[in-house]
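S.K.: Below is the structure I would like to discuss, written out as structure tokens.
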Amino acid sequence: MIRVCVAGATGWTGSAVAKAVLDDPELELVGAVARRAAGQDLGTTLGIGAVGLLISPTVDAALRVGCDVLVDYTSHAAVRSHIDLAVGRGVACVVGSSGLTEADYAAIELLAREQGVGIIAAGNFSVMAAIPQHCALLAARHLASFEVIDYASADKADVPSGTSRELAERLSGVRTPSHSIAPQAVAGPVEARGATVGGVQIHSLRLPGYSVTTEIIFGNPDERLYFRHEAGSGAGPYVAGTLLAIREASRRVGVTRGLDTLLF
């Protein structure tokens, strides 16, 4: 049995993951974190009936019972402190929260290797989203010009999304895209060319009606190639990938980026 703690257990994705862990015969949910629901039975809060697990107010409190893997679906403001705390206690982590930068992951990598624990992080744990990311990394070996468009709901505060940031950072490991005119050399507001992440331009749209959608466009003279993943309004697509990562995290040491690295 893999003992699991879910931070953000009453949130949009965290609640779906917590229910799936409870239903999985190979996993044991030993901790749940949700500040506003602290002290309540997790099952009662999720509407599935009491399960005998009280929600903790902090990750620190939840980890005291002992667990093998911390799953974090909280916020960009809290995730780094949660991961540092868990790794410092020798607990493997699955990171579904967005907001961590390349510099953050470099620091986490050093700490994880010192402690001998594994971290699996993905901007998107949907298997369907992992496939176009994998294809985009292959395409970047042969196509020199590309940019990313990041769509999300109007109330998503962090930009770009974790999915788009991860894609840009990993694409930069394949190559830096070429530009006829450097984004910083345009005539007009440089912000119109988007943000540069790992040398890759990302354009973030925040509008009502969107969930997380990521699109990468490759261009050659007289032709274009599009990879696009559109998420719906439910959290179901992210559950299977998260469960796969939970099983894999304890077998690894250091940081592994992207669900596609587990699939392919």
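S.K.: Which condition does ARG170 not pass, out of (1) within 21 Å of HIS76 (Cα to Cα); (2) free of Cβ contacts under 8 Å to residues at least 40 places away in the same chain; (3) not aromatic (Phe, Trp, Tyr), if it passes all the others?
M.R.: Result: ARG170 fails condition (2) only.
S.K.: Six or more apart or on different chains, Cβ under 7 Å: which pairs go from a residue in region 88-105 that's within 13 Å of ASP158 (Cβ to Cβ) to one that's in a loop (DSSP other than H, G, I, E, B) and polar (S, T, N, Q)? Could you list them?
M.R.: Taking only residues 6 or more apart or on different chains, the pairs are SER97/THR74; SER97/SER75; SER98/SER161.
S.K.: Taking the criterion of being on the phi < 0 side of the Ramachandran plot, loosely packed, with under 13 Cβ neighbours inside 10 Å and part of a helix (DSSP H, G or I), would at least one residue in region 131-139 satisfy it?
M.R.: Taking every residue of region 131-139 in turn, at least one turns out to be on the phi < 0 side of the Ramachandran plot, loosely packed, with under 13 Cβ neighbours inside 10 Å and part of a helix (DSSP H, G or I).
S.K.: Based on this model, can you work out whether SER233 counts as modelled with pLDDT under 95 and either open to solvent by less than 50 Å² (accessible area, probe 1.4 Å) or not in a helix (DSSP H, G or I) (or both)?
M.R.: yes
S.K.: Condition check: modelled with pLDDT of 95 or more, closer than 30 Å to ALA9 by Cα and part of a helix (DSSP H, G or I). Does ALA240 satisfy that? Let's see the steps before the verdict.
M.R.: Details: modelled with pLDDT of 95 or more: yes; closer than 30 Å to ALA9 by Cα: yes; part of a helix (DSSP H, G or I): yes.
Here the answer is yes, as ALA240 does meet what is asked.
S.K.: So, of the residues in region 155-177 that are among the small types (Gly, Ala, Ser) and open to solvent by 60 Å² or more (accessible area, probe 1.4 Å), which turns out to be nearest to PHE218 (Cα to Cα)?
M.R.: Here is the first cut: in region 155-177, the ones among the small types (Gly, Ala, Ser) are 157, 161-162, 164, 168, 172-173.
Checking the rest, the ones that are also open to solvent by 60 Å² or more (accessible area, probe 1.4 Å) come to 157, 173.
Values: ALA157: 27, GLY173: 16 Å.
Step by step, filter region 155-177, then rank; the result is GLY173.
S.K.: Still on this structure, please answer the following. So which residues in region 117-129 are part of a helix (DSSP H, G or I) and surrounded by 22 or more Cβ atoms within 10 Å (Cβ to Cβ)? Walk me through it before giving the result.
M.R.: So the first thing to find is which residues in region 117-129 are part of a helix (DSSP H, G or I), and the list is 127-129.
Of everything in region 117-129, just one residue is part of a helix (DSSP H, G or I) and surrounded by 22 or more Cβ atoms within 10 Å (Cβ to Cβ), namely ALA129.
S.K.: Right, here's the next one. Considering (1) surrounded by fewer than 19 Cβ atoms within 10 Å (Cβ to Cβ); (2) closer than 27 Å to GLY162 by Cα; (3) among the acidic types (Asp, Glu), say which one GLU28 fails and leave the rest.
M.R.: (2)
S.K.: Between residues in region 232-256 that are among the acidic types (Asp, Glu) and residues that are assigned to a helix (DSSP H, G or I) and open to solvent by 30 Å² or more (accessible area, probe 1.4 Å), which pairs lie under 8 Å by C-beta distance while being six or more apart or on different chains?
M.R.: That search, which allows pairs on different chains as well, returns GLU248/LEU262.
The values are calculated or read from the model by the stated rules, or taken from the named source; none is laboratory data. Keep in mind it's a predicted model, so treat the numbers as computed, not measured. Glycine also receives a Cβ, built like all others from the backbone with ideal geometry; neighbour counts cover every protein chain displayed. Protein only, heavy atoms only, side chains kept; ligands, DNA and RNA dropped before computing areas. Shrake-Rupley method; radii C 1.70, N 1.55, O 1.52, S 1.80 Å.
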